[in-house]
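*Asks:* Encoded as structure tokens, here's the structure I'll be asking about.
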Amino acid sequence: MARRRRTDVTVGFIALGCPKNVVDSERMLAHLVEAGFLIAADPSQADAVIINTCGFIEPAKAESLDAVAQAVADKREGRVRKVIVAGCLSQRLGEQLLEEADGVDAVVGLEHRDDIARIVRQTLSGGTLTVYRDQSSRAVADDRVRLRIGPAHSAYIRISEGCDHRCSFCTIPAIRGPFRSKPVELVLEEARELVSSGAVELNVIGQDTTIYGRDLKMAAGLAHLLPELQKIAGLAWIRLLYAYPKGITEELVDAIVRCDKVLHYLDIPIQHAADKVLCAMRRPDTQAGLKAMIDRLRAAIPDVVLRTTVIVGFPGETDADFAELLDFVRWAQFDALGAFTFFPEKGTPAAGFPDQVPDDVKQDRLDALMLAQQEIAFAKNRARVGERVTCLIDSVEPQGVGYGRFYGQAPDIDGVCIVTNCTAAPGGWAQGTVVGTRDYDLLIEQI
């Protein structure tokens, strides 16, 4: 991309949503800087403000619309000239977004991510409301050259886009299109670029990382990719996120065991554990299969740390179904668990299912589940007291308290290690002993 002459035009940027949105935000910011725009420190004081939105579930949509409403208010008060809405909510709603958020000047779908600099220019020079939105194609975005908005030492690397699963509750296939993998060499080039910019930890993401390469006719694609990432000098940690249960194959487990840079950590969204609910969700799993998968993992990797995600209050979920889920969670002893109440997302089959669960029942079940998981997580943390750990330091306070993570803590979603008398700088390593706990966090005394 050719570097253009710097301008005096300022762009404010608000990044919302999941790690996949973070990658898109970083790519858009790079385009803007390369085009000569100045990135405003305060988005409410800019010529144009861009909100990269999430639209996966209702709370994310509400958060996005709140951010848009604030930007429009800033525009009406004369602090901002133009408001541009990008990302998943733009892709999902298109022109409807102009009705839901009066005052928006442009709506930018996912296919136009890399056109953002041109769109900003056009929006600033014209007065016509414009929607830049195509149906998602089979193209795979090139995520190289990013202006990172997180710590330099940790980065997300997206190995695929879209999803072919047809879970009855999910809007992702409609928003991000069919599953497609990045070619191996493109993934490796991006990984090398990220490591050369200071990243020592790469967090592998995709809608389902375990089926990477299937569309490229690769057998055991992720198991093939990991040893190639392992070869990159300067890379220390490779973490696997969004690993679907059915994709946890013997080949993948063997690759994790063989590659010492691949952390013994897996994020495996199960969504539920009652067979009846899994069937209604159109998930291919069964409770027996999930149990067998977890048993195999722990037999092959005794120190594996497991995170999962579940949904409570799915249509038709009875007290007995929820009890099955609760019993399963207590049996599985996940190290970390995220849970959501079911939202009837427009356009999904589950939104029209009968036997919708009342909101108060959903909330009661969510509270009961999270209380059970809290007991598990706190007990697991207490069991680590006396253990020696290696922490990747994310930040250090002036008084010498460091905040970092051991291999069992993913950035942004898990607990942290609080390191006293930390001598390592951000991006460095601290060796220490677990001397106590603070809720979901570990207290570390540096050695």
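*Asks:* Out of the residues in the range 21-38 meeting the condition of being touching a residue at least 40 places away in the same chain (Cβ under 8 Å) and surrounded by fewer than 19 Cβ atoms within 10 Å (Cβ to Cβ), tell me which one is farthest from ARG148 (Cα to Cα). Show your work before the answer.
*Replies:* Here is the first cut: in the range 21-38, the residues touching a residue at least 40 places away in the same chain (Cβ under 8 Å) are 21-35, 37.
Still in the running and surrounded by fewer than 19 Cβ atoms within 10 Å (Cβ to Cβ): 33-34.
Values: VAL33: 12, GLU34: 14 Å.
Residue satisfying both the conditions and the ranking: GLU34.
*Asks:* Follow-up question, since we're still on this one. Just to be sure, is GLU99 modelled with pLDDT of 95 or more, out of contact with any Leu (no Cβ under 8 Å at 6 or more places or on another chain) and surrounded by fewer than 21 Cβ atoms within 10 Å (Cβ to Cβ)?
*Replies:* Working: modelled with pLDDT of 95 or more: no; out of contact with any Leu (no Cβ under 8 Å at 6 or more places or on another chain): yes; surrounded by fewer than 21 Cβ atoms within 10 Å (Cβ to Cβ): yes.
Spelling it out, it is not the case that GLU99 is modelled with pLDDT of 95 or more, out of contact with any Leu (no Cβ under 8 Å at 6 or more places or on another chain) and surrounded by fewer than 21 Cβ atoms within 10 Å (Cβ to Cβ).
*Asks:* Kindly indicate whether ALA48 is under 15 Å from VAL104 (Cα atoms), in contact (Cβ under 8 Å) with a residue 12 or more places away in the chain, small (Gly, Ala, Ser) and open to solvent by 40 Å² or more (accessible area, probe 1.4 Å).
*Replies:* Details: under 15 Å from VAL104 (Cα atoms): yes; in contact (Cβ under 8 Å) with a residue 12 or more places away in the chain: yes; small (Gly, Ala, Ser): yes; open to solvent by 40 Å² or more (accessible area, probe 1.4 Å): no.
No: the conditions fail for ALA48.
*Asks:* Here is a further query. Identify, from the list GLU161, GLU190, GLU185, the residue that is acidic (Asp, Glu) and open to solvent by less than 10 Å² (accessible area, probe 1.4 Å).
*Replies:* Matching residue, one of GLU161, GLU190, GLU185: GLU190.
Condition check ((1) touching a Gly at 6+ places or on another chain (Cβ under 8 Å); (2) without any contact (Cβ under 8 Å) to a residue 24 or more places away in the chain) across all residues:
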residue: THR318; (1), (2): no, yes
residue: PHE334; (1), (2): no, no
residue: LEU337; (1), (2): no, no
residue: PHE340; (1), (2): no, no
residue: ALA350; (1), (2): no, no
residue: VAL361; (1), (2): yes, no
residue: ARG365; (1), (2): yes, no
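*Asks:* For residues that are open to solvent by less than 10 Å² (accessible area, probe 1.4 Å) and at pLDDT 90 or above, tally how many sit in the range 51-66.
*Replies:* Of the range 51-66, the ones open to solvent by less than 10 Å² (accessible area, probe 1.4 Å) are 51-53, 55, 64.
Within this subset, residues satisfying the condition of being at pLDDT 90 or above are 51-53, 64.
The qualifying residues number 4.
*Asks:* Which condition from (1) under 30 Å from PRO344 (Cβ atoms); (2) surrounded by 19 or more Cβ atoms within 10 Å (Cβ to Cβ) is the one that ALA69 breaks?
*Replies:* (2)
*Asks:* Please find, within the range 412-429, the residue that is farthest from ALA336 (Cα to Cα) out of those that are among the small types (Gly, Ala, Ser) and under 26 Å from the mean Cα position of the chain (by Cα). Even if it seems obvious, please write down each step before you answer.
*Replies:* In the first step, residues of the range 412-429 are kept if they are among the small types (Gly, Ala, Ser); the result is 415, 424-425, 427-428.
Still in the list and also under 26 Å from the mean Cα position of the chain (by Cα): 415, 425, 427-428.
Numbers: GLY415: 9, ALA425: 27, GLY427: 24, GLY428: 25 Å.
Here the answer is ALA425.
*Asks:* Six or more apart or on different chains, Cβ atoms under 6 Å: show the pairs whose first residue is in the range 422-436 and outside any loop (DSSP other than H, G, I, E, B) and whose second is open to solvent by 60 Å² or more (accessible area, probe 1.4 Å) and among the acidic types (Asp, Glu).
*Replies:* Once the first residue is outside any loop (DSSP other than H, G, I, E, B) and sits in the range 422-436, its partners that are open to solvent by 60 Å² or more (accessible area, probe 1.4 Å) and among the acidic types (Asp, Glu) give GLY432/GLU445; THR433/GLU445; VAL434/GLU387; VAL435/GLU445.
*Asks:* Examine the range 397-411 for a residue that is under 26 Å from PHE169 (Cβ atoms), surrounded by 13 or more Cβ atoms within 10 Å (Cβ to Cβ) and within 26 Å of the chain's Cα centre (by Cα), and state whether such a residue exists. If you could, list the steps in order and put the result at the bottom.
*Replies:* Step one: list which residues in the range 397-411 are under 26 Å from PHE169 (Cβ atoms), which gives 410.
Subsequent filtering for residues that are surrounded by 13 or more Cβ atoms within 10 Å (Cβ to Cβ) retains 410.
With the extra rule that they be within 26 Å of the chain's Cα centre (by Cα), the set shrinks to 410.
Yes, because at least one residue in the range 397-411 is under 26 Å from PHE169 (Cβ atoms), surrounded by 13 or more Cβ atoms within 10 Å (Cβ to Cβ) and within 26 Å of the chain's Cα centre (by Cα).
*Asks:* Quick check: is even one residue across the range 328-339 in a helix (DSSP H, G or I), charged (D, E, K, R) and at pLDDT 95 or above?
*Replies:* yes
*Asks:* Here's another thing I want to ask about it. Only one residue in GLU375, GLU345, GLU324 is surrounded by 13 or more Cβ atoms within 10 Å (Cβ to Cβ), at pLDDT 95 or above and not aromatic (Phe, Trp, Tyr). Which one?
*Replies:* On the way: GLU375 fails: surrounded by 13 or more Cβ atoms within 10 Å (Cβ to Cβ); GLU345 fails: at pLDDT 95 or above.
From the options GLU375, GLU345, GLU324, the qualifying one is GLU324.
*Asks:* Follow-up. Please work out if ASP105 is within 27 Å of the chain's Cα centre (by Cα) and acidic (Asp, Glu). Reasoning before the result, please.
*Replies:* Values: within 27 Å of the chain's Cα centre (by Cα): no; acidic (Asp, Glu): yes.
Considered against the rule, which asks whether it is within 27 Å of the chain's Cα centre (by Cα) and acidic (Asp, Glu), ASP105 comes out as no.
*Asks:* Now for a separate question. Please specify each residue of the range 348-364 satisfying the condition of being open to solvent by 50 Å² or more (accessible area, probe 1.4 Å) and either aromatic (Phe, Trp, Tyr) or not in a helix (DSSP H, G or I) (or both).
*Replies:* Taking the range 348-364 and keeping what is open to solvent by 50 Å² or more (accessible area, probe 1.4 Å), we get 349, 352-356, 358-360, 363-364.
Across the range 348-364, the qualifying residues are PHE353, PRO354, ASP355, GLN356, PRO358.
*Asks:* Taking ASP367 as meeting all but one of (1) closer than 17 Å to HIS272 by Cα; (2) exposed (fewer than 15 other Cβ atoms within 10 Å of the Cβ); (3) more than 24 Å from the chain's Cα centre (by Cα), write down the number of the exception.
*Replies:* (3)
The values are calculated or read from the model by the stated rules, or taken from the named source; none is laboratory data. Source: prediction; values computed, not measured. Cβ coordinates were reconstructed from backbone atoms using ideal geometry, including for glycine residues, and neighbour counts include every protein chain displayed. Accessible surface areas use protein heavy atoms only, side chains included; no ligands, DNA or RNA. Shrake-Rupley method; radii C 1.70, N 1.55, O 1.52, S 1.80 Å.
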